[in-house]
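Working notes for the structure below.
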């Protein structure tokens, strides 16, 4: 084998090792959560924020193909943010448990979950994103004192909603603006 060919093969080998090394050490942020499906219940655990998804941009959550089967979601202690579009369009979803470490509910997080009739928003939540609960089946919603910001149309289209209790810490929306999103 010629000396030039050996140098080229050696360089190719070194470049491949560098690429593998970069991939293993993580130039992109590691996912700090896991999920499992137990019957019809989706359990999400870990630490840190869930990533944002965009179902219209073909960036689906990894559990999206099971959306017609999932009736219950448990977001365990340790998760800090529910990502955008995390459960959007989960029409069978009727129960959600959110751990007390969650501080933010992303845009469209539970959009068009028409069978979702109740949810307990923990006192750790300070932000509710745009259209987060749009077109859900709520009859009542309690927004705890911890919530400072509710983005546009967070509860728009919740046609069964007859009672809204709003905490006194709300800064980024007035009661009228929240009512306007219903």
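Each reported figure results from applying straightforward, stated rules to the coordinates on display, with no laboratory input. Please read all numbers here as calculations on a predicted model, not as lab measurements. A quick note on method: Cβ atoms are made from the backbone with ideal geometry, for glycine too, and the neighbour counts reach across all protein chains shown.
Both the radius of gyration and Dmax for segment 97-166 are 10.8, 30 Å, in that order, over alpha-carbon atoms.
Report Rg(Cα)/(2.2 N^0.38 Å) for segment 45-90, keeping two decimals. Numbers along the way, then the final one.
Values: Rg = 10.8 Å, N = 46, 2.2 N^0.38 = 9.4 Å.
My calculation over the Cα atoms of segment 45-90 gives 1.14.
Taking a cut-off of 21 Å, what percent of all Cα-Cα pairs in segment 35-182 are separated by more than that? Tail fraction, whole percent: 36.
If packing is taken as the mean number of other Cβ atoms within 10 Å per residue, what is the order of 132-138, 112-118, 65-71, highest first?
On the way: 132-138: 22.7, 112-118: 18.3, 65-71: 15.0.
My ranking of the peptides, most packed first, is 132-138, 112-118, 65-71.
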